[in-house]
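The values are calculated or read from the model by the stated rules, or taken from the named source; none is laboratory data. Since this is a predicted model, take the numbers as computed values, not measurements. Note: ideal-geometry Cβ built from the backbone for every residue, glycine included; neighbour counts use all protein chains shown.
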Amino acid sequence: MDLKQLKALVTVAEVGSVTRAAELLHLVQPAVTRQIRTLEHELGVELFERSHTGMRLTDAGAVMVERAGRALRELGRARAEITPPPGVVGGLVTVGLLESSVDLIASRLAAAVLDGYPGIELRILTAYSGHLQRWMDDGDLDLSLLYNLSDSPSLNVAPLVSEQLWAVATADAGLCANRPVALAEVAAHPVVMPASGHALRVLIDAAAAKADVIFDIGVQTNSMHLQKSLVIDGRGWTILPAAGIVDDVAAGRLSAAPLRQPEIRRLIVLGIPRTGRMPAAVDIVSQELVRATREAVCEGRWLSAQWCGDPDAVQSTRPRQG
């Protein structure tokens, strides 16, 4: 097994065609076919199902592509760290952002990294906290925003933001920021909820049990976008972090108010794997992520949020490059 075989495997899987993969790899088609066949012979399994419509991964092939892709990314990072241009920190850094925080943080983070550190290739993935934590444990993320998580055997965790959850309804419901809404009032309407087992749902269910509130749940979903769309369509109220509905409220698509009786808060944290030495590029991106998060809170763009991070966490010791 060699790097050429792994590159051929991953490329064919991505494009679904040996011909197209050969073009991207600057090889002749028989060479790519031979590399795949040799790898299959060595592993003793077929990695692709071949048909006139293209190449489709087998179950074994899907496992191999996932592992091969990770290995190639790590080798690329090592190459960038070992042989960067003089005075330039380089490499690929993969960041996880909570879906609710993307509009507040992603653009500012990208601008800071791309403008200040041109040697760093930034990759941003978004999802709910549970998915991001799984990707961290699998080694697919270098760092991530998560919530309601403490240090674990695999992660170092730094608290950043405490934020309040809000009741969210149609625009004509007239909810507003200066009139908090009791959880029981939300329960008087049909509700659209995060799917069971979702970390946000766990928070909401715990608060409902404490307040002796029972919800009339019409729809459950694992998509914040779908939660909001269903509310806009009049399918019920919902409960979301304020960060996820700022633009919708400003545009008049939704109305929202902080929750009370009980107030529900979640803690946003920065998670970094316990892997020993932190690459310079990851260190830089983590500092810029903390900076972008703190600015969103301190500038008032992150509603109902309180900064609880280390005041010195954003003091980078590295000069900006470019």
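Mind listing just one residue for me: the one in the range 84-113 that is in a loop (DSSP other than H, G, I, E, B) and touching a residue at least 60 places away in the same chain (Cβ under 8 Å) and, of those, farthest from residue 299 (Cα to Cα)? Steps first, answer last, please.
Our first condition is that a residue be in a loop (DSSP other than H, G, I, E, B); within the range 84-113, this holds for 84-90.
Then drop every residue that is not touching a residue at least 60 places away in the same chain (Cβ under 8 Å), which leaves 87-90.
Values: 87: 33, 88: 31, 89: 30, 90: 31 Å.
That would be 87.
Quick one: what pairs do we get from the range 188-213, first residue at positive phi, second acidic (Asp, Glu) and not in a loop (DSSP other than H, G, I, E, B), C-beta under 8 Å, 6+ apart or different chains?
Listed by first residue and then by second, the contacts come to nothing, as the list is empty.
Which one of these does residue 304 not meet: (1) modelled with pLDDT of 90 or more; (2) closer than 19 Å to residue 203 by Cβ?
For residue 304, the exception is condition (1).
Taking the range 244-299, which residues are part of a helix (DSSP H, G or I), under 21 Å from residue 179 (Cβ atoms) and among the aliphatic types (A, V, I, L, M)?
The answer is 246, 249, 250.
Answer yes if at least one residue in the range 151-158 is at pLDDT 90 or above and over 24 Å from residue 197 (Cβ atoms), and no otherwise.
Scanning the range 151-158 turns up at least one residue that is at pLDDT 90 or above and over 24 Å from residue 197 (Cβ atoms).
Each row is one residue, and each column tells you yes or no for (1) surrounded by fewer than 17 Cβ atoms within 10 Å (Cβ to Cβ); (2) assigned to a loop (DSSP other than H, G, I, E, B); (3) of a type outside the set (S, T, N, Q).
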position	(1), (2), (3)
115	yes, no, yes
122	no, no, yes
133	no, no, no
136	no, no, yes
140	no, yes, yes
153	yes, yes, yes
158	yes, no, yes
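When you check residue 177 against the structure, is it under 15 Å from residue 303 (Cα atoms), surrounded by fewer than 22 Cβ atoms within 10 Å (Cβ to Cβ) and of a type in the set (A, V, I, L, M, F, W, C), yes or no?
Yes: the conditions hold for residue 177.
Identify, by number, the condition in (1) surrounded by fewer than 16 Cβ atoms within 10 Å (Cβ to Cβ); (2) without any contact (Cβ under 8 Å) to a residue 12 or more places away in the chain that residue 54 doesn't meet.
The failed condition is (2).
Between residues in the range 123-135 that are under 15 Å from residue 272 (Cα atoms) and residues that are assigned to a strand (DSSP E or B) and among the aromatic types (Phe, Trp, Tyr), which pairs lie under 7 Å by C-beta distance while being six or more apart or on different chains?
If the second residue must be assigned to a strand (DSSP E or B) and among the aromatic types (Phe, Trp, Tyr), the pairs left are 129/147.
Restricting to the range 204-229, give me the number of residues that are within 25 Å of the chain's Cα centre (by Cα) and buried (at least 19 other Cβ atoms within 10 Å of the Cβ).
4
May I ask you to list the residues in the range 11-46 that are buried (at least 20 other Cβ atoms within 10 Å of the Cβ) and either in contact (Cβ under 8 Å) with a residue 40 or more places away in the chain or touching a strand residue (DSSP E or B) at 6+ places or on another chain (Cβ under 8 Å) (or both)?
Correct list: 12, 13, 18, 36.
In the range 280-293, which residue that is surrounded by fewer than 21 Cβ atoms within 10 Å (Cβ to Cβ) and over 20 Å from residue 133 (Cα atoms) is modelled with the highest pLDDT?
291
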